[in-house]
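Any read-out appearing in this document is the output of simple, stated calculations on the displayed coordinates, not a laboratory observation. Quick caveat: nothing in here was measured; it's all calculated off a predicted structure. Here the Cβ positions follow ideal geometry from the backbone for every residue, glycine too, while neighbour counts run over all protein chains shown.
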Amino acid sequence: MALFCFALAFAWEESDAVTAFGFTAFANVVVGLVFTLIAKGGDIRLSLRRSIVLLVLFWVLLPIMAAIPTMELDGSAGWIRAYADASSQITTTGAIIVDRESFPQSFFLWQAGLQWMGGYASIVLALLVLAPLNMTAPGVHRSPFLTIEKGNIAARIGPISRSMLLVYTGASLLLLLSMLASGTPRFEAVLLTMGSISTGGFVPAGQDYYTSASVFGAWFGTFGMLFGALGFALHWDVLQRRTHYWNDLESRGLLVILALTAILFVTLGQPFANAVQNAVSLISTTAIPMGQQGFSEIPKPVLMALVLVGGAAVSTAGGVKIIRFLILFRQTGVDLSKLSHPSSTRPIHFRQMTIGPHELVGLWAYVLGYAMIIAFLVIFLGLANIDFGQASQIAIAAISNAGPSYIGPSGIAGDLSSISDPFLVGIALAMSLGRIEILAAVAILSPEFWRE
């Protein structure tokens, strides 16, 4: 990506950007060669513990390499702001940390490209690490091709990476061609495509989607967000004609929530088109306002609740994920039935499998852990004299990877540039936690995790 931006900066005669992306490409090549030589000829054995460490290191350390262009192009930004901005793009949070107006055009492509790559990485790492850990399962669509054995993670890296890259790239190219055919300018179409399919919400100019896209282009972008919010293991099986989207309970639940949300937005006074598009944008955690009216008529608690729910498991969307709520609702139904039939032992069935007590405890632990992290982050931001309402919005937007859902005093979606550097570090880590899955991160802090 750095080499591609280097070539564009050279063609556009952006001398500072040529130096920045050239050095970034060189640094990444050197680091990549070092790790390649270390691993060459070795037998890669990825235990679950090593996989969790890899997952955490990936999301926390990779933004260091991605922050180089920001530091090179804006020396006043500082390393912390550059790191927080790179973390925001890689985790597909899409919050604005640095002033984009001061950067050349090639830098826009760099940021949108980080979102696109981060979306792909979130899919692959969820299937390789989180699915075997049962942290997204039973949310993971059961595919014969993507069946993962706990002791065989390394052997699945190649097949999973290639299959997901085929689906992800193919959908991106189709979306790009559709946006170009709709009349969206070429450069804007590229940026909007990468920001939509990754649910990162990158918009090159203006505060809403319509500023950069045509009317039809905005609809194509909406479909791109919806595609990114659905499970990619399911996408693969649909392409293989093994199943259909409507056969998947999580997909049906996503569509029902979208329909109810759109109806709510219409009753709040939004035009039908904007209501549907804003509903998709929020549920997919893209969270970019889709029209000039934006989210102004939507109560903030509703807005925050939608991005907290998020999309499907093993998707580019953030949030708690719909699948967890569906299972907890089913448990609630079973518990209510026990009030009238105390001796009932009716189990919870989901996707041809029985949800046992262990899975239910894990789900509740995840939800409570999510709430705990939000509470800690709100208290932390309170130390920066940020009022409770804004701190809550920032915390939920960060951990749900839905940065543009926060509309700050500037009126710009996702603008966190006014927050001081020490507190940006906490926000950046919260963005990474949203991708790591909280229980995987907490496991590292446990002494039992490091015992043989």
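Tell me, what is the percent relative contact order of the chain, built from C-alpha pairs under 8 Å that lie six or more residues apart?
After rounding, I find 18 percent.
So, by mean Cβ neighbours within 10 angstrom, what's the order for 423-429, 270-276, 217-223, 327-333 with the highest one leading?
Ranking the peptides 423-429, 270-276, 217-223, 327-333 by packing returns 217-223, 423-429, 270-276, 327-333.
For Leu249 and Leu37, compute 0.36 nm times the residue count separating them, minus their Cα-Cα distance, and round to one decimal in nm.
Result: 71.8 nm gained on full extension.
Spin-label point model (7 Å from Cα, Cβ direction): what's the Thr19 to Ser410 distance in nm?
Rounded to a tenth, the inter-label distance reads 2.5 nm.
Run through every distinct alpha carbon pair of the chain and return the Kirkwood hydrodynamic radius in angstroms, one decimal place.
This gives a value of 22.4 Å.
How many nm separate the modelled label positions at Arg50 and Ala181, each set 7 Å beyond the Cα in the direction of the Cβ?
4.7
Report the calculated FRET efficiency for Leu360 and Gln292 (r = Cβ-Cβ distance, R0 = 35 Å), to the nearest 0.05.
The pair Leu360/Gln292 has a calculated efficiency of 0.20.
For region 36-129, take every pair of Cα atoms, bin their distances at 10 Å starting from 0, and report each bin as a whole percent.
So the P(r) values, bin by bin, are 15, 41, 27, 15, 2.
Exposure proxy check: Ser102, Ser432 ranked by fewest other beta carbons within 10 Å?
Ranked by crowding around the Cβ, least crowded first: Ser102, Ser432.
For Leu57 and Val29 in one chain, what is 0.36 nm times their gap in residues minus the Cα-Cα distance, to one decimal in nm?
8.2 nm
Which order do Glu13, Glu297, Glu101, Glu437 fall in if you start with the one that has the fewest other Cβ atoms within 10 Å?
Fewest to most other Cβ atoms nearby, the residues stand as Glu101, Glu13, Glu297, Glu437.
Pairs of alpha-carbon atoms within less than 8 angstrom and 6+ residues apart define the contacts here; what relative contact order does region 231-301 have, in percent?
Averaging sequence separation for qualifying contacts and normalising by length gives 20 percent for region 231-301.
For Val31, Val314, which order do you get if you count the other beta carbons within 10 Å of each Cβ and list the fewest first?
So the ranking, lowest neighbour count to highest, is Val31, Val314.
Please compute the length gained on full extension between Phe388 and Val367, using 0.36 nm multiplied by the number of residues separating them and subtracting their Cα-Cα distance.
Contour length minus Cα-Cα distance gives 5.4 nm.
Under a plain spin-label model, where a point goes 7 Å from the Cα along Cα-to-Cβ, how far apart in nm are Arg241 and Ile64?
Going by the 7 Å Cα→Cβ label model, 5.0 nm.
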